[in-house]
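The structure under discussion appears below in the form of structure tokens.
The values are calculated or read from the model by the stated rules, or taken from the named source; none is laboratory data. Note that the structure is predicted; figures quoted are calculated from it, not measured. Ideal geometry is used to build each Cβ from the backbone, glycine not excepted, and the neighbour counts take in all protein chains shown. When the accessible area is computed, the model is the full protein with side chains, heavy atoms only, and any ligands, DNA or RNA have been set aside. Shrake-Rupley method; radii C 1.70, N 1.55, O 1.52, S 1.80 Å.
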Amino acid sequence: MSQDELDLFKKELKGVRRIKNDQVNLHMTQKEPSLSQMARQEAALGRKPSHDPNYLTTDFVEPVEPNAWLEYKMDGVQEGVYKNLRLGKYEIDAHTDLHRLTVKEARDEVFYFIKACVKRGKRTVLITHGKGERSQPQAVLKSHVNHWLKQHELVMAFHSAQRKHGGLGSVYVLLKKNEHHKQLNREIYNKTT
């Protein structure tokens, strides 16, 4: 480095002061990744499928009104179980919020969120989709969520939430048991496969 370059460098650094604190906080907490983010990370680390594993469709979705109740129950779900779900009596094991997501992003979020929840033994989850009163067309995400939850093989039932959990802008979802929990039930009740 020539003397002229050194003088120019010193001139540029004029007024710069040394930082007195050289300690780094190694105990900063990071926000935990969501269940769907962890599922996507796990999928990314595994073998890449040649096709999209997400089978939820966006082709034709029956529109619902912003203030419509969403409800669905598979055959075999007991009325008492469905009533408790509808009334918000089950503890919510996990929650995801779809606000500000595109339809494509919401599709992936719903699919991977549900898969991750079942894998981790979560049974009752809350999905917040919003009512979509101000969007054009109205209730786009709400309509898609209604459609997707009926398509998802791991969903047993769903119902619009109580006011304290988001009301008509959210939905309670009852998920199937994972294989581990099914096996535990078999052992408890001495059933065979």
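Numerical summary
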{"item": "All positions within region 96-127 that are surrounded by fewer than 18 Cβ atoms within 10 Å (Cβ to Cβ) and assigned to a strand (DSSP E or B)", "result": "Asp97"}
{"item": "Single residue of region 77-95 satisfying the filter (without any contact (Cβ under 8 Å) to a residue 40 or more places away in the chain and open to solvent by less than 60 Å² (accessible area, probe 1.4 Å)) that is nearest to Glu65 (Cα to Cα)", "result": "Asn84"}
{"item": "Yes/no for Gly88 being over 21 Å from the mean Cα position of the chain (by Cα) and farther than 13 Å from Gly169 by Cβ", "result": "no"}
{"item": "So Gly80, is it in a helix (DSSP H, G or I) and more than 14 Å from the chain's Cα centre (by Cα)", "result": "yes"}
{"item": "Any hit, region 139-152, residues being crowded, with 22+ Cβ neighbours inside 10 Å and without any contact (Cβ under 8 Å) to a residue 60 or more places away in the chain", "result": "yes"}
{"item": "Subset of region 143-175 [in a helix (DSSP H, G or I) and farther than 18 Å from Tyr55 by Cα]", "result": "Arg163, Lys164, His165, Gly167, Leu168, Gly169"}
